[in-house]
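The values are calculated or read from the model by the stated rules, or taken from the named source; none is laboratory data. As the structure is a computational prediction, the values presented were derived from the model and not from experiment. Glycine also receives a Cβ, built like all others from the backbone with ideal geometry; neighbour counts cover every protein chain displayed. Each accessible area value is taken on the protein alone, full model and side chains, heavy atoms only, with ligands, DNA and RNA left out. Shrake-Rupley method; radii C 1.70, N 1.55, O 1.52, S 1.80 Å.
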Amino acid sequence: ADLKIGVAEALSGGAAQYGVAIRNGFELAASEINAAGGINGNKIELVVADEQGKKEEAINVFKKLIFQDQVLMVFGPTLSNSAQAADPIAQAAKTVAFGTSNTADGITSIGDYVFRNSVTEADVLPETIKTAVKNAGIKKVAVLYGNDDVFTKSGYDNFKKALDDLKIPVTTTETFAKGDVDFKAQLTKIKASGADAIVLSALLAEGAPIMVQARQLGLNVPIIGGNGMNSVKVFELAKGNSDNLYVGSPWSASNATPENTKFIKAYNEKYKTAPDQFAAQAYDAMYIAAQALKGVKISGNLTADRAAVRDALPNAKWTGATGAFQFRRATDKAGKPAGYDAQQTPIVSVTKGAEFVIAK
Amino acid sequence: MLEQQLVNALSLGCVYALFALGFTLIFGVLGVINLSHGAVFMVGAYAAVQAMARFDLPLWAGLLFAFVFCGLLGLLIDFLVLRPLRARNAPHLIPMIATIGVAIILNNGIQGIFGAENVRFPAGVVSGESLDLAGIHLTALELGIILLSFVLMGVLMVALKRTQLGRALRAIAESPKAAYLLGINVEGLFFLTSFAAAALGGLAGVLIGLYSNAVFPLMGQPMLHKGIAVIILGGMGDIRGAMLGGLFLGFAEVLSVAYIGSTMRDAVAFGLLFLVLLVRPKGLFGSMQERKV
Amino acid sequence: MDALNNFWSVYSNLVLTLGTNALLALSIWLTLSCGMLAMANAAFMGIGAYTSAILTMTYGVPFPVAIAAGMAAPALTAFVIGKPTLRLSGVYLAMATLAFGEVVRIVVLNAESLTGGALGLNGIPPITQWWHVALALVLVLLGLWRLRRSKVGRAFEAIKEDETAAGLMGIDVQAHKMLAFVLGGAIAGLAGVLNAHQTFFIGPNEFGFDRGVDILTMTVLGGINGLTGPVLGGVILTILPEALRAFGDFRLVVNGVILVLIVLFLPKGIWDPARFRQWFGRKGAAA
Amino acid sequence: MSTTPLLQLDGVSRHFGGLKVLQDVNLEVPQGGIFGLIGPNGAGKTTVFNLTTGLLPTTGGTIRFEGRDLAGVKPHEITRGGIARTFQNIRIFKEMSLLENVMVGMHAKLRYGGLGLLASSGLFRSEERRARDRARELLSWVKLDHKADDAADNLSYGDQRKLELARALATEPKLLLLDEPVAGMNSSEKTDLMHEIRNISGRGYTIFMIEHDMRFVMGLCEHIAVLNFGRIIARGGPDQIRNDPQVIEAYLGREEDEATNEGAAA
Amino acid sequence: MSASPLLKVEGLKVSYGHIEAVKGIDFELHEGQITTLVGANGAGKSTTLLALSGLVKKAAGRVVLGGQDLTPLSPHKIVASGMVQVAEGRATLTTLSVRENLELGGYTRRDSRAQRADDLDHIYTLFPRLKERSDGLAGNLSGGEQQMLAIGRALMAKPRVLLLDEPSMGLAPIIVQDIFRTLREINKAGLTVFLVEQNVRQALKIADRAYVIETGKIVLEGDGRELLGNPKVQDAYLGG
Ligand SMILES: Nc1ncnc2c1ncn2[C@@H]1O[C@H](COP(=O)(O)OP(=O)(O)OP(=O)(O)O)[C@@H](O)[C@H]1O
Ligand SMILES: Nc1ncnc2c1ncn2[C@@H]1O[C@H](COP(=O)(O)OP(=O)(O)OP(=O)(O)O)[C@@H](O)[C@H]1O
Ligand SMILES: [Mg+2]
Ligand SMILES: [Mg+2]
């Protein structure tokens, strides 16, 4: 029998940039697995649904996948906000919800059916900052972040904590909003503040123009970015001004492990475009799930099978495009064990001449 | 730093004004709050990106292409959507709702065709040169945007205030029936306006797309929100108002970042808008005239 | 029975959303019926949602109290901002109210300790039951129906058509506008309370410009000449994207096309009694 | 009857920017009867009505109604105090039915309260029924009762004027201001309306009207005031006004062909 | 009577929804004459005029002006062909100045600027009040002043046929005299006038030809003076 797996991602609306890459990652991995004979002879069947990046839609889609399509488990949704709304549905239905792009705090405290392999920035950012400080001799930094978006805001929270922990002084903290096109006011202020580096929590749509405009204003300091900036697209979008950007993540385009090289090549072939971190994490997530499914005896009783998947998943280990992976138990607000977060080692790289170069 | 911030404010203000000109024009004549203007703006950027990337065109040709392409798109929207609504005497909110539908179609259609990811103009289409004077920095593109927005404003203002065509457009704006009685080709001028407004929108899309370096399907939406604020500030349908409204918003935003803090930027900008409306209920240039009893 | 159960487990959220959207559509209908294009309803919904969610989450107050507070808070806000803003007319009012909504959104973003800022509020107890929504909708409909048939409803309509003339009929124009605005705020707040306690999560960006426009679209598309229109508009606009799932990547394009077609062929809204009469009349004449 | 006039304008002026539309206007509209205000186009007649109904503030002087100063009183309060008007450019509620138009006029006279209507359904129903009956009665006064449920928009010009009259009466005014009530009607309709207005006046309403139709004005009004360039230039009975050289010069004209004035003798 | 009419209308029908407001009427205007159409409120006079100008849809019928079939033309072409209307309710452009309103009157003209300026002066001598208010907003004019503006604006188009919908409405007697005198003058200068009036006596007096319309049908037609003496007209429209 086929193994039905739900994929609920934002395929339209503003979050579609990420949702589409994520879906591609899943589909690539699933087709590879199926081509190699499936899991214990069972083929994976993905049921893909668009959740538009809206919480109501995410709930609707989760319900549809779980109750109508009777999937074994659900991947998604794309945004953390949607996960906050939709994951409780999966939890209540005792079905695994596996997020690949939800980085906000507290998602996995929803319950023991909630998993994610997206590395929370809390784990990554201290590494990035440390490496950048060491490499570029940074003494004080300015912070710039998008304050109306969960992804960039929680990135900022983690940056702030890391900076506090590392006792690095902050000259000024500036914000922007989604969709802004002009950042010169903030950058002028940052320049005047005399910072040695800009700590930037932004997605690419704003992050790339920020880099360009900073350089135009003669602000040539290193930029320390979060997950959102970890994409080779930055070389295209900030062409000529993309150097000196530090990013940290388990996945790097220039990480030349065999798994990663294979992934990048396959992705490029299938979708005619370079993968980003979102695609890589989805791709790995599919393999992690496959790994767990291998140990599950499908009984045909959906309730039992779902529970079996849930029990098998925490022990899944996998080395993929994002390197070695295993789960780590998270706790809920009361401190009781809940869902599962990712446990991975970040790689810090810096941009140089349209390439990510791994920085030590 | 202040000088640089003032220059920043000027160029940001002109970016807003550039977007707002076409937006206010279509309201001024057709009386429609065209919520698809942001989408048309985005289509303009895509049209130019595609044309320039595929045929290796220079910037001026890309601008021209976007201008014409979007103008025709505006005509099409008018022909298929707005004109039938006029003929049916639709209540005044209805055309606005229809343009929401148009915006949904364009935004998602472009995304379906070109994908949701950012694209950009071919590198090097604008000169990287810039003006550096006494520590003030201004790129060639910014200078171009500033100049163009002032020129367009001037041209539109003269056209509307001083020519018979302008008088005819204002007549239509007030009462199509009266305009018909005067022998004005009302439908023809509606088409002309739709063309011009959309073409201006397309032009703005290219320039602002170049400016922000990011072209994506939803790039028009935030601009639309700002654009509404701008034309309200200036007084709906008023060309000079669009310019001043844009500058007002640009300065409010930049100065609040510089002196109040960037988290409060939008609160300050919209708070000011709120206050302006309380003092001048029809915007800075809206006519204060009450309907005579 | 099984089929029903299954339907309910798949679509319960959708059905509840229909109800809250219908409430939202009615809330803006109220101000529209008084001739005001006030677009603060998304913000009022947000105020209601946040007020009640904070109350139930941090203070554990009972649901009825949270509902009352979630309606009172936006109503009070409406009252306070109504005084200066309701003098504005047409799109200027729309913009001032949208601007107010932006300010609310930014305040929510910045009042992190209370509202969670951009991260929103998580883990709101899902208290909302289907019958809460149904009851709310029925009560609001009954109330509005009565209002509409009364002198207040006539006054609203008179104000909509000609404020000056309405004033000279002895109608206190400002007071009536305020009444519509405040009641609209309370109804939007109610929708916010129900929504917050249905979806586990609320965030500031849900109550912004787009939501405001959505609410307006539902109402205008449905038809503003009665109570049926907004409810119908809310239902159709909520269901449409679900019904179009088969269209894949282009489903929102189809959605937009349908929106435009409805507007083109039913310019007075889907529910337009005058047109029904006309159809009916014509058929009668033909027979 | 008391000696205080019902409406009294005392040194009233009104400027629009530099334009002095009314200057030192003194007028007294006595209780009962029909009072006429005539004058060339642009003399400021409608402005007098606008000031009286509170739509515009005066630049100077005082307006008293039943001895009470109207300065700063809101239009709706003035209406409730007993002044109703019609408009020169008809302003009916076009999308409402005739009946509803008239019922709007009764707004302040319905006794159920703003939100109390949700609670007390008995009072609500009886009051609504009373309003409906009264509205029909008023429509029948102006002979429009057969169209009671039509949309007002579909009425012809003349009928719209009549509807406005009925709507104004619905506010139960003590003073009824009519701004060119017969504009756009033909002679026989004017004659009809003349009877109507006489009837209304006979029911105890005081009428203050602006009109350019001399047959109508001279036939109805006991007192007439003439406004020219914002000043009162003559006052008196119809005969006095008709023969006043200043009025002839400024307003009536000297055409030998007296039929222009639609036959001064009605 | 001259041989062929300047304007010929045949079988004109107009409906609003399923109400037929004009039910198939025929009439003609002769070059250089004043023709009047009189009738009670709601008889269909304004509707007829609007249909002539193309502002409401003709359900049936033909309109021919000097050999040119106007029936299918759009409103602006009808104006350009020389038939201009002063509509009921005046259609003043309130947000434009008085002068701009007048200038727009000449929108379809293709002659010289100087020629138009001359005509503007002529309008100002016809209506001095307009000259005084020339730079003010038209919306601030008194009712009577707006009527003058509407007539002046129509004359600015140099029409062959002038359609007037109740030009005397709301005007002071002295102005009504002026206007009728002006009408006669411009008519003498060769303009063909079609006059819809409630002021039946006055209209019939100056009209060369008259039609009486009742609920969408023409019930009487004839010489103006002749109809003035017609007892039926006396009874129905001239009052007791
Ligand atoms: N709101 C206003 N702003 C500027 N001027 C105004 C305003 N209202 C009236 N006027 C001017 O005041 C003068 C008097 O206007 P009003 O309407 O009172 O005249 P009227 O006597 O009623 O004339 P008519 O008989 O033509 O109706 C006119 O010249 C008019 O242009
Ligand atoms: N827009 C409309 N919709 C529906 N019916 C209309 C409309 N306009 C006019 N009518 C109806 O058509 C008929 C003729 O109206 P019209 O305005 O032509 O009359 P009229 O002779 O000009 O009257 P008046 O002297 O009062 O101006 C009337 O019964 C009127 O109610
Ligand atoms: Mg007047
Ligand atoms: Mg008429």
- line: Every listed condition ((1) of a type in the set (V, I, T); (2) within 11 Å of another protein chain (Cβ to nearest Cβ); (3) away from ligand 2 (no atom under 14 Å from the Cβ)) holds for E:V38 save (3)
task: Please work out if B:G112 is without any contact (Cβ under 8 Å) to a residue 12 or more places away in the chain, part of a helix (DSSP H, G or I), at negative phi and touching a Ser or Thr at 6+ places or on another chain (Cβ under 9 Å).
output: yes
message: Please go through segment D:143-163 and give me each residue that is more than 23 Å from C:A274 (Cβ to Cβ) and open to solvent by less than 10 Å² (accessible area, probe 1.4 Å), ordered by number.
response: D:G158
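Yes/no matrix, rows are residues, columns are (1) over 23 Å from A:A280 (Cβ atoms); (2) of a type outside the set (S, T, Y):
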{"site": "A:E51", "(1), (2)": "no, yes"}
{"site": "A:L79", "(1), (2)": "no, yes"}
{"site": "A:A85", "(1), (2)": "yes, yes"}
{"site": "A:A90", "(1), (2)": "yes, yes"}
{"site": "A:F98", "(1), (2)": "no, yes"}
{"site": "A:S109", "(1), (2)": "yes, no"}
{"site": "A:D112", "(1), (2)": "yes, yes"}
{"site": "A:V119", "(1), (2)": "no, yes"}
{"site": "A:A122", "(1), (2)": "no, yes"}
task: Please work out if E:K57 is within 15 Å of ligand 2 (Cβ to nearest atom), surrounded by 16 or more Cβ atoms within 10 Å (Cβ to Cβ) and of a type in the set (D, E, K, R).
output: no
query: Taking segment E:175-203 as the search range and keeping residues that are more than 8 Å from chain D (Cβ to nearest Cβ) and under 21 Å from E:A43 (Cβ atoms), which one is farthest from ligand 2 (Cβ to nearest atom)?
result: E:V193
field: Every pair of residues 6+ apart whose Cβ atoms lie under 6 Å, when the first sits in segment C:1-27 and is surrounded by fewer than 22 Cβ atoms within 10 Å (Cβ to Cβ) while the second is part of a helix (DSSP H, G or I)
entry: C:S9/A:F67; C:V10/A:K63; C:V10/A:K64; C:V10/A:F67; C:V10/A:Q68; C:L14/A:N60; C:L18/C:V235; C:L18/C:T238
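Out of A:A136, A:A93, A:A142, A:A132, I need the residue that is in contact with a helix residue (DSSP H, G or I) (Cβ under 9 Å, 6 or more places away or on another chain) and within 22 Å of A:L200 (Cα to Cα). Which one? Give the steps one after another, and end with the answer.
Details: A:A136 fails: in contact with a helix residue (DSSP H, G or I) (Cβ under 9 Å, 6 or more places away or on another chain); A:A93 fails: within 22 Å of A:L200 (Cα to Cα); A:A132 fails: in contact with a helix residue (DSSP H, G or I) (Cβ under 9 Å, 6 or more places away or on another chain).
Every option except A:A142 fails the conditions.
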field: Complete set of residues in segment B:216-244 that are part of a helix (DSSP H, G or I) and small (G, A, S)
entry: B:G220, B:G227, B:A229, B:G234, B:G241, B:A242
- prompt: Which one of these is within 14 Å of chain B (Cβ to nearest Cβ) and either open to solvent by less than 10 Å² (accessible area, probe 1.4 Å) or within 16 Å of ligand 4 (Cβ to nearest atom) (or both): E:L49, E:L29, E:L73?
  reply: E:L49
- request: Check every one of the helices (runs of 4 or more DSSP H) wholly within segment E:101-176 and list those with 2 or more residues that are within 16 Å of ligand 4 (Cβ to nearest atom).
  value: E:143-156
query: Does segment E:157-186 hold any residues that are more than 16 Å from ligand 3 (Cβ to nearest atom) and among the aliphatic types (A, V, I, L, M), and which are they?
result: E:A157, E:V161, E:L162, E:L163, E:L164, E:I179, E:L183, E:I186
Only one of A:E56, A:E51, A:E27 that is surrounded by fewer than 24 Cβ atoms within 10 Å (Cβ to Cβ) and under 17 Å from A:Q84 (Cβ atoms): A:E56
task: Using the structure shown, decide if E:A172 is touching a residue at least 40 places away in the same chain (Cβ under 8 Å) and either more than 16 Å from ligand 1 (Cβ to nearest atom) or within 14 Å of chain D (Cβ to nearest Cβ) (or both).
output: no
- request: Run down B:A252, B:A242 and say which single residue is modelled with pLDDT of 90 or more, open to solvent by less than 20 Å² (accessible area, probe 1.4 Å) and farther than 26 Å from A:L187 by Cβ.
  value: B:A242
query: Right, D:G204: more than 15 Å from ligand 2 (Cβ to nearest atom), under 19 Å from the mean Cα position of the chain (by Cα) and surrounded by fewer than 20 Cβ atoms within 10 Å (Cβ to Cβ) or not?
result: yes
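Yes or no, residue by residue, for (1) surrounded by fewer than 24 Cβ atoms within 10 Å (Cβ to Cβ); (2) of a type outside the set (A, V, I, L, M):
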{"site": "D:S13", "(1), (2)": "yes, yes"}
{"site": "D:D24", "(1), (2)": "yes, yes"}
{"site": "D:G32", "(1), (2)": "yes, yes"}
{"site": "D:N41", "(1), (2)": "yes, yes"}
{"site": "D:K45", "(1), (2)": "no, yes"}
{"site": "D:V48", "(1), (2)": "no, no"}
{"site": "D:L55", "(1), (2)": "yes, no"}
field: The lone exception for D:R68 - which of (1) under 23 Å from D:F229 (Cβ atoms); (2) more than 14 Å from chain E (Cβ to nearest Cβ); (3) free of Cβ contacts under 8 Å to residues at least 24 places away in the same chain; (4) not aliphatic (A, V, I, L, M) it fails
entry: (1)
- request: Name the single residue, out of those in segment A:152-188 being of a type in the set (D, E) and in a loop (DSSP other than H, G, I, E, B), that is surrounded by the fewest Cβ atoms within 10 Å (Cβ to Cβ).
  value: A:D180
- line: Wholly inside segment C:129-222, helices (runs of 4 or more DSSP H) that include 1 or more residues that are within 14 Å of C:L24 (Cα to Cα) are C:130-148, C:173-196, C:209-222
query: When both residues are 6+ apart or on different chains and their Cβ atoms are under 6 Å apart, which pairs have a first residue that lies in segment E:106-126 and is in contact (Cβ under 8 Å) with a residue 24 or more places away in the chain and within 14 Å of chain B (Cβ to nearest Cβ), and a second that is open to solvent by 50 Å² or more (accessible area, probe 1.4 Å) and of a type in the set (A, V, I, L, M, F, W, C)?
result: E:T108/E:A80
query: Which residue pairs have Cβ atoms under 7 Å apart, sit 6 or more places apart or on different chains, and have a first residue in segment D:152-168 that is hydrophobic (A, V, I, L, M, F, W, C) and a second that is within 12 Å of ligand 4 (Cβ to nearest atom) and not in a helix (DSSP H, G or I)?
result: D:L163/D:L155
- prompt: Can you tell me which of E:A87, E:A154, E:A150 is touching a strand residue (DSSP E or B) at 6+ places or on another chain (Cβ under 7 Å) and within 16 Å of ligand 3 (Cβ to nearest atom)?
  reply: E:A150
- prompt: In segment D:73-89, which residues are assigned to a loop (DSSP other than H, G, I, E, B), surrounded by fewer than 20 Cβ atoms within 10 Å (Cβ to Cβ) and away from ligand 4 (no atom under 16 Å from the Cβ)?
  reply: D:V73, D:K74, D:G82
task: Please list, ordered by first then second residue, the pairs with beta carbon atoms under 6 Å, 6 or more apart or interchain, first in segment D:3-21 and under 19 Å from D:F35 (Cβ atoms) and more than 13 Å from chain E (Cβ to nearest Cβ), second among the β-branched types (V, I, T) and within 16 Å of ligand 3 (Cβ to nearest atom).
output: D:L9/D:V25; D:V12/D:V25
message: Checking the structure you have, find out if any residue of segment A:40-48 is away from chain B (no Cβ under 14 Å), free of Cβ contacts under 8 Å to residues at least 24 places away in the same chain, part of a helix (DSSP H, G or I) and over 18 Å from the mean Cα position of the chain (by Cα).
response: no
field: Residue list for segment B:169-185, filter: facing chain E (nearest Cβ under 7 Å) and buried (at least 21 other Cβ atoms within 10 Å of the Cβ)
entry: B:A171, B:A178, B:Y180, B:L181, B:L182, B:G183, B:I184, B:N185
